[in-house]
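See below for the structure under consideration.
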Amino acid sequence: MSKFWSSMVKRTDPYVPGEQVNDATIIKLNTNENPYPPSPKVFAAIHEEMERSLQLYPSPTADHLREVIGQQNGLSKEEVFVGNGSDEVLAFSFMAFFEPGQTIKFPAITYSFYPVYAKIFDIPYEEVSLNKDFTLPHEQFFQSEGGVILPNPNAPTSIYATLDQIELIVKNNPEKIVIIDEAYIDFAQESAVKLVRTYDNLLVVQTTSKSRSLAGLRVGFAMGHPSLIEALIRIKDSFNSYTIDRLALVGATAAFEDVAYFRQTTEKICATREQTIERLNRLGFTVLPSQANFVFATHRAESAVHLYERLKQEGVLVRYFNKPEIDQYLRITIGTDEQMNRFFEKLEQIVNACSL
Ligand SMILES: *Cc1c(COP(=O)(O)O)cnc(C)c1O
């Protein structure tokens, strides 16, 4: 703390991301990255762009990328906003749509960035308790004073709320914005994007970081009514005209265009997820019903923090949250089959040694 800090800095409580390591021998199942590399077409597009035009500013409007994303979602580019990762899109959305002094709602167990944004932008919030089984009590989100934000599937629980439930939340907040953060939607049933043209108070936020293997490129996007997109563009243009660089623009565009590769890797991850759940069950874990590229699991005998620490000693990183209600759970990202085999080798040793 310094006397030179603004009150905004003083009230911040920054988000702490999962550990990032540079050791290739570590099995990294802690930050929900995609275990598969991006489409080869992404590399080709980035190489070509590098040789051509890095001395020039990128497009401030990102029209082409917005068009491609729009096309794939049955929308026009006026209904699509792109930003430097969906975290930036979410931060801009808090500024654009939530009002200091009006209480917003989000789930009590959820993406821990939301309270961070709420604090920095001085927006009061109510944390709505989940049901006992971690499902969403959707009626509790009706008639929010300031608006609603929630991830679907939820993080870190991996549980998906049905489109009907989401629609009810949107319908029952006609005067306020409902933001659905769909970081994991490509591993789940269906997106709320199909409701965007019906409800002008719905903003759907997605990212290329998970299902399109581009966490390192930083491209997220929002889809909603053109007037909502205009608000986000006004915020962006008041900070930085060029939030997405040239390599990110062409790389993300290529990733969207290679639909076959996207389908193949996404289906593979979902198949590995189902096997992972079965294997965890056999080892004595209870696993929440996942529609994401990670699972949330608790062991009937071993404490989660012990398992987390022992796995770490064995070179496997998973995510552990020391928070009430979820402190007996581990969040495990779905890796390749080979990574999961190595994970289970270690886990079996640890669990068997514990029960001796
Ligand atoms: C990963 C994640 C994000 C952030 O994604 P980026 O686009 O990489 O910034 C947003 N929301 C949730 C729920 C996430 O899990």
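Every number here is computed from the coordinates shown, using simple stated rules; none is lab data. Owing to the predicted nature of the structure, the values given are computational and were not obtained by experimental measurement. Positions of Cβ are backbone-derived with ideal geometry, glycine not excepted, and every protein chain shown enters the neighbour counts.
In a solvent-free Debye calculation with one equal scatterer on each Cα, what is log10 I(q)/I(0) for the stretch 234-309 at q = 0.11, 0.25 Å⁻¹, listed in the order of the q values?
Debye intensities relative to I(0), on a log10 scale: -0.56, -1.12.
Counting only DSSP beta bridges with both residues in the chain, what percent are antiparallel, rounded to the nearest 5? Working shown, then result.
Working: 18 of 33 bridges.
The antiparallel fraction comes to roughly 55 percent.
Over the stretch 249-356, what is the mean sequence separation of C-alpha contacts under 8 Å (at least six apart), divided by residue count, expressed as relative contact order in percent? Working shown, then result.
Details: 110 pairs, mean separation 25.3, N = 108.
Reported as a whole number, the value is 23 percent.
How high is the relative contact order of the stretch 146-238, in percent, with contacts defined as C-alpha pairs under 8 Å that are six or more residues apart?
Working: 143 pairs, mean separation 21.7, N = 93.
After rounding, I find 23 percent.
Can you pull the three principal axis extents for the Cα set of the stretch 1-46, in Å, largest first?
Projected onto the principal axes, the Cα atoms of the stretch 1-46 cover 50, 29, 16 Å.
Can you compute the radius of gyration and Dmax for the stretch 40-258, using only the Cα atoms, both in Å?
Both quantities, over Cα of the stretch 40-258: 17.1, 56 Å.
Report, ordered by chain and residue number, the lysines lying within cross-link reach of LYS346, taken as a straight Cα distance under 18 Å and ignoring same-chain residues fewer than 8 apart.
Counting by Cα, and skipping residues close in sequence, LYS346 has these lysines nearby: LYS28, LYS312.
Tell me the relative contact order for the chain as a rounded percent, counting alpha carbon contacts under 8 Å between residues six or more apart.
Values: 645 pairs, mean separation 80.7, N = 356.
This gives 23 percent for the chain.
Less than 26 Å apart at the alpha-carbon level, and either on another chain or at least 8 residues along: which lysines does that give for LYS77?
LYS41, LYS171, LYS176, LYS194, LYS210, LYS236
Could you work out, for the stretch 261-304, what percent of all Cα-Cα pairs fall into each 10 Å distance bin, beginning at 0 Å and stopping at the bin that holds the largest distance?
28, 46, 20, 5, 0
Charges at C-beta only: +1 for Lys and Arg, -1 for Asp and Glu. How large is the resulting dipole of the stretch 40-258 about its Cα centre, in Debye rounded to 20?
Working: 17 positive and 29 negative charges, 44 e Å.
Dipole size: approximately 220 debye.
Shape verdict for the stretch 149-246, please, from the Cα gyration tensor: rounded (a/c under 1.5), prolate (a/b greater than b/c) or oblate.
Details: a/c = 2.35, a/b = 1.16, b/c = 2.02.
Oblate shape, in that a/c is at least 1.5 and b/c is the bigger or equal ratio.
What number, rounded to the nearest 500 deg cm²/dmol, is the helix-based mean residue ellipticity at 222 nm of the chain, given -39500 (n - 2.57) per DSSP H run of at least four residues and division by all its residues?
On the way: 11 runs with 133 residues, N = 356.
It lands at -11500 deg cm²/dmol.
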